[in-house]
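Taking it in order: structure first as structure tokens, then the write-up.
The values are calculated or read from the model by the stated rules, or taken from the named source; none is laboratory data. Bear in mind that the values here come from a model prediction, so they are computed numbers and not experimental data. When the accessible area is computed, the model is the full protein with side chains, heavy atoms only, and any ligands, DNA or RNA have been set aside. Shrake-Rupley method; radii C 1.70, N 1.55, O 1.52, S 1.80 Å.
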Amino acid sequence: MLRTMAGPTIRRRHLGAALRQLRTESDETREQAAFVLGCSPTKVTYLESGRNVIGKTELIVLLQHYGAEDRLETLEELRQEAGKRGWWSTARLPQWLAAYVGLETEASSVRCFELELIPGLLQTEQYTREIHRLRGHVTPDDLERRVTARLRRQERLTASDPLRLSALLSEAALKRCARQPGVAAEQFRQLLDWAQRPNVEIQVLPFDIGLHSGMSGAFTLLSFPEGLLPDAGWQEYALGGHLIDDESDVAALARLYDELRG
């Protein structure tokens, strides 16, 4: 379930899926793979689901048994990556936020809709700092950690394999920003700069349309590479946030996003 995805990462699931594919292609059962490794079938299940990371020696033994020694270099590299802790796990973020950041970091695309705020991935440091200061319930140390984490999250937009971002925001977010001296000019320049990137799309929902179907609140949709995870939704509120993994709910949010974007 996505609600517990602070544990297994995409790389763990990718590695597990590769091991499962090799086993099925070899016509082996989990029990047979467990016998080769000298472990229980439950452990094989955990390895193939991404719950646990296979050891190097175990990987070598399995690949030899499956006749897939030529995959060792690729899968060993993936195994090493899967064993690393994500930067967000040591950033001392609230658990609810760390869970989301972990998913966002592994996502291939993000679609976000905001009513009052500039989307987090597009915020300047100054805007982010002011937003968290106004919320008032975070300590100075927490504020700095969250500002640092937000700027770190933006690195995905300029990575070699960049995150695709489609951001839709209400005109209200721009109007409120424009009223904040010392913040607006830099933030608007950064929005224009981000909009020049081929992986970033920014659209504004104007006041002129009047009432609209997205007035109930902001939300985010995440999609992941290679179909290893289904799309997920995210909604944040004053003191936390929650992931949405029900397929029908995520589909409803996707339809809403397309409607608003249109």
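Miscellaneous remarks
- Once the Cα gyration tensor of the stretch 175-262 is diagonalised, semi-axes √(5λ) in Å: 27, 18, 15
- P(r) of the stretch 88-150 over all Cα-Cα pairs, binned every 5 Å from zero, in whole percent: 3, 16, 25, 26, 22, 6, 1
- Stretched out straight at 0.36 nm per residue, the stretch from Glu171 to Thr29 would grow longer than its current Cα-Cα span by 45.4 nm.
- Value of Rg/Rh across the stretch 68-222 [Cα atoms, Kirkwood radius]: 1.03
- Val204 contributes about 70 Å² of solvent-accessible surface, heavy atoms of the protein only, 1.4 Å probe.
- With 5 Å bins from 0: P(r) over the chain, alpha-carbon pairs, percent: 1, 5, 11, 15, 16, 14, 11, 8, 6, 5, 4, 2, 1, 0
- Partner lysines for Lys43 [C-alpha distance under 27 Å; skip if fewer than 8 residues away on the same chain]: Lys56, Lys84
- Within the accessible area of the stretch 199-262 (1.4 Å probe), percent carbon and sulfur: 53 percent
- One decimal place: the segment Thr74-Ser248 gains 59.0 nm when fully extended, by the rule 0.36 nm per residue minus the C-alpha distance.
- Kirkwood hydrodynamic radius of the stretch 1-128, Cα pairs, Å: 16.6 Å
- Using 0.36 nm per residue and subtracting the Cα-Cα separation, the extra length available between Arg179 and Cys39 on full extension is 44.1 nm.
- A probe of 1.4 angstrom, applied to the heavy atoms of all protein chains, finds Trp96 with accessible area near 60 square angstrom.
- Exposure of Thr42 as accessible area (Å², to 10), given a probe of 1.4 Å and all protein chains: 70 Å²
- Centre-to-centre, using Cα atoms only, the stretch 127-191 and the stretch 7-46 are separated by 42 Å.
- Surface listing: Cys177, Cys39 arranged by accessible area from highest to lowest gives Cys39, Cys177, probe 1.4 Å.
- Acute angle (nearest 10 degrees) that the helix 10-25 long axis makes with the longest principal axis of the chain, alpha-carbon atoms: 30 degrees
- When both bridge partners sit in the stretch 108-262, DSSP labels roughly 50% of those beta bridges antiparallel.
- Per-residue [θ]222 nm for the chain (sum of -39500 (n - 2.57) over DSSP H runs n ≥ 4, rounded to 500): -15000 deg cm²/dmol
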